[in-house]
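Below you'll find the structure, written out as structure tokens, and then a few comments.
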Amino acid sequence: MAETTQAPVAAVTGGAGGIGEATVKRLRDQGWQVAVLDLNADLAREVAERHGAVARETDLGDARSIEDAARWVESELGPCQGLAAVAAHLENPHMPEAQDYDEWEAILRVNLTGTFRSMTEFGRGMLERGSGSIVTIGSITAFNSSPLQAYGPTKAAILNMTRNFAVAWGRRGVRVNCVCPGPTRTPAVEASYARGERDPQTMIDQTALGRLVKPGQVASAIAFLLSEDAGAITGVELPVDAGTSATGLWGMYGGVAKLPTA
Ligand SMILES: NC(=O)c1ccc[n+]([C@@H]2O[C@H](COP(=O)([O-])OP(=O)(O)OC[C@H]3O[C@@H](n4cnc5c(N)ncnc54)[C@H](O)[C@@H]3O)[C@@H](O)[C@H]2O)c1
């Protein structure tokens, strides 16, 4: 009898968003079965339909919702081998003294506690089976100061959590890595450029490559780290930022593009 191999299963939190959808698409292209988990249920269903995935409304701010989602993915698709923890509560720039504390709590609940709990709930089955891979999503704001007063610290904490989980679970068959996007042209970011809230050129000037990141380029890194091709990689943070985090002090000398080349 011919041996049948089941396609591996991955869950993508925030799968209805810009980077999330690109990740769903990339994983589907690479033969994964995918569950799209997102607070925006309508958009999650649309994304799932577009890419041949399944969808479930999930609130990373709610413990029960995450537990239910982890159980649902396994009952719907089978043992979950991969988790891309992409969802985040975003924030607009402001000064620390202007912090809205309801927003502070919401950002910590979703980005910090929600990411931690997603890893423990989806990791439970991976640990039982001795096999799995998790990719968290940090940000270049994790490496540098920024006016994202609550969001930035949660992203820095995600790097620390990633290393903690990677070491705790490494000998039990579960790899945990972090992808740190730089300025990425998602539909939401494009809309903020169109409204004049952000200036793409200011962001491009901060990159080494002189261009912004495409959602699919972040998705490629996530899919690679989830895959067996990255079987010897755990506990790393991989910037996908067009070289933004490498530009360091160039701004003090006029900026990357401003110096004469000869
Ligand atoms: N776009 C960028 O420039 C950029 C830069 C650095 C890091 N990131 C990170 O990349 C990831 C994806 O961001 P994006 O740019 O695609 O943003 P996005 O807003 O397009 O997607 C975020 C998704 O998360 C979902 N979400 C929000 N709160 C949720 C909750 N409580 N429960 C479940 N889902 C929830 C939203 O509905 C949305 O679909 C985030 O972790 C973000 O912090 C993005």
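The values are calculated or read from the model by the stated rules, or taken from the named source; none is laboratory data. What you are looking at is a predicted structure, and each value in this text was computed from that prediction instead of being measured. Backbone-built Cβ (ideal geometry, glycine too); neighbour counts: all protein chains shown.
From 186, 154, which residue is under 19 Å from the mean Cα position of the chain (by Cα), within 30 Å of residue 129 (Cβ to Cβ) and at pLDDT 95 or above?
On the way: 186 fails: within 30 Å of residue 129 (Cβ to Cβ).
The match here is 154.
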Output the residues belonging to the stretch 28-66 that are of a type in the set (Val, Ile, Thr) and either under 17 Å from the mean Cα position of the chain (by Cα) or not in a strand (DSSP E or B) (or both). 34, 36, 47, 58, 66
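Just need a number here: residues in the stretch 189-208 that are over 20 Å from residue 142 (Cβ atoms) and either more than 13 Å from the ligand (Cβ to nearest atom) or more than 22 Å from the chain's Cα centre (by Cα) (or both). Outline the logic, then answer.
Going residue by residue through the stretch 189-208, those that are over 20 Å from residue 142 (Cβ atoms) are 190-197, 199-202, 204-205.
Next, from what is left, pick out any that are either more than 13 Å from the ligand (Cβ to nearest atom) or more than 22 Å from the chain's Cα centre (by Cα) (or both): 194-197, 199, 201-202, 205.
Of the residues in the stretch 189-208, 8 are over 20 Å from residue 142 (Cβ atoms) and either more than 13 Å from the ligand (Cβ to nearest atom) or more than 22 Å from the chain's Cα centre (by Cα) (or both).
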Taking the condition of being more than 18 Å from residue 95 (Cα to Cα) and more than 13 Å from the ligand (Cβ to nearest atom), how many residues in the stretch 145-161 meet it? 2
Test residue 234 against the stated conditions and say whether it is hydroxyl-bearing (Ser, Thr, Tyr), on the phi < 0 side of the Ramachandran plot, buried (at least 19 other Cβ atoms within 10 Å of the Cβ) and within 12 Å of the ligand (Cβ to nearest atom). no
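Output the residues belonging to the stretch 127-154 that are farther than 25 Å from residue 243 by Cβ and either in contact with a helix residue (DSSP H, G or I) (Cβ under 8 Å, 6 or more places away or on another chain) or among the acidic types (Asp, Glu) (or both). Outline the logic, then answer.
Looking only at the stretch 127-154, we keep the residues that are farther than 25 Å from residue 243 by Cβ, and these are 127-134, 149-150.
Of everything in the stretch 127-154, those that are farther than 25 Å from residue 243 by Cβ and either in contact with a helix residue (DSSP H, G or I) (Cβ under 8 Å, 6 or more places away or on another chain) or among the acidic types (Asp, Glu) (or both) turn out to be 127, 128, 132, 133, 134, 149, 150.
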Regarding the stretch 243-251, can at least one residue be identified that is among the aliphatic types (A, V, I, L, M) and farther than 19 Å from residue 114 by Cβ? yes
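Select, from 69, 87, 166, the only residue that is in a loop (DSSP other than H, G, I, E, B) and surrounded by 18 or more Cβ atoms within 10 Å (Cβ to Cβ).
Working: 69 fails: in a loop (DSSP other than H, G, I, E, B); 166 fails: in a loop (DSSP other than H, G, I, E, B).
Matching residue, one of 69, 87, 166: 87.
Residue 90: within 15 Å of the chain's Cα centre (by Cα) and among the aliphatic types (A, V, I, L, M), yes or no?
For residue 90, the condition - within 15 Å of the chain's Cα centre (by Cα) and among the aliphatic types (A, V, I, L, M) - is met.
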Name every residue in the stretch 125-160 that is outside any loop (DSSP other than H, G, I, E, B), touching a strand residue (DSSP E or B) at 6+ places or on another chain (Cβ under 8 Å) and within 22 Å of residue 228 (Cα to Cα), in order of residue number. 125, 126, 127, 132, 133, 134, 135, 136, 137, 159
When you check residue 240 against the structure, is it among the β-branched types (Val, Ile, Thr) and away from the ligand (no atom under 16 Å from the Cβ), yes or no? no
Search result, residues across the stretch 3-52 that are more than 15 Å from residue 73 (Cα to Cα), modelled with pLDDT of 95 or more and among the acidic types (Asp, Glu): 21, 29, 42, 46, 49
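Conditions tested, residue by residue: (1) under 20 Å from residue 135 (Cβ atoms); (2) more than 9 Å from the ligand (Cβ to nearest atom).
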| site | (1), (2) |
| --- | --- |
| 21 | yes, no |
| 33 | yes, yes |
| 50 | no, yes |
| 63 | no, yes |
| 71 | no, yes |
| 79 | yes, yes |
| 82 | yes, yes |
| 85 | yes, no |
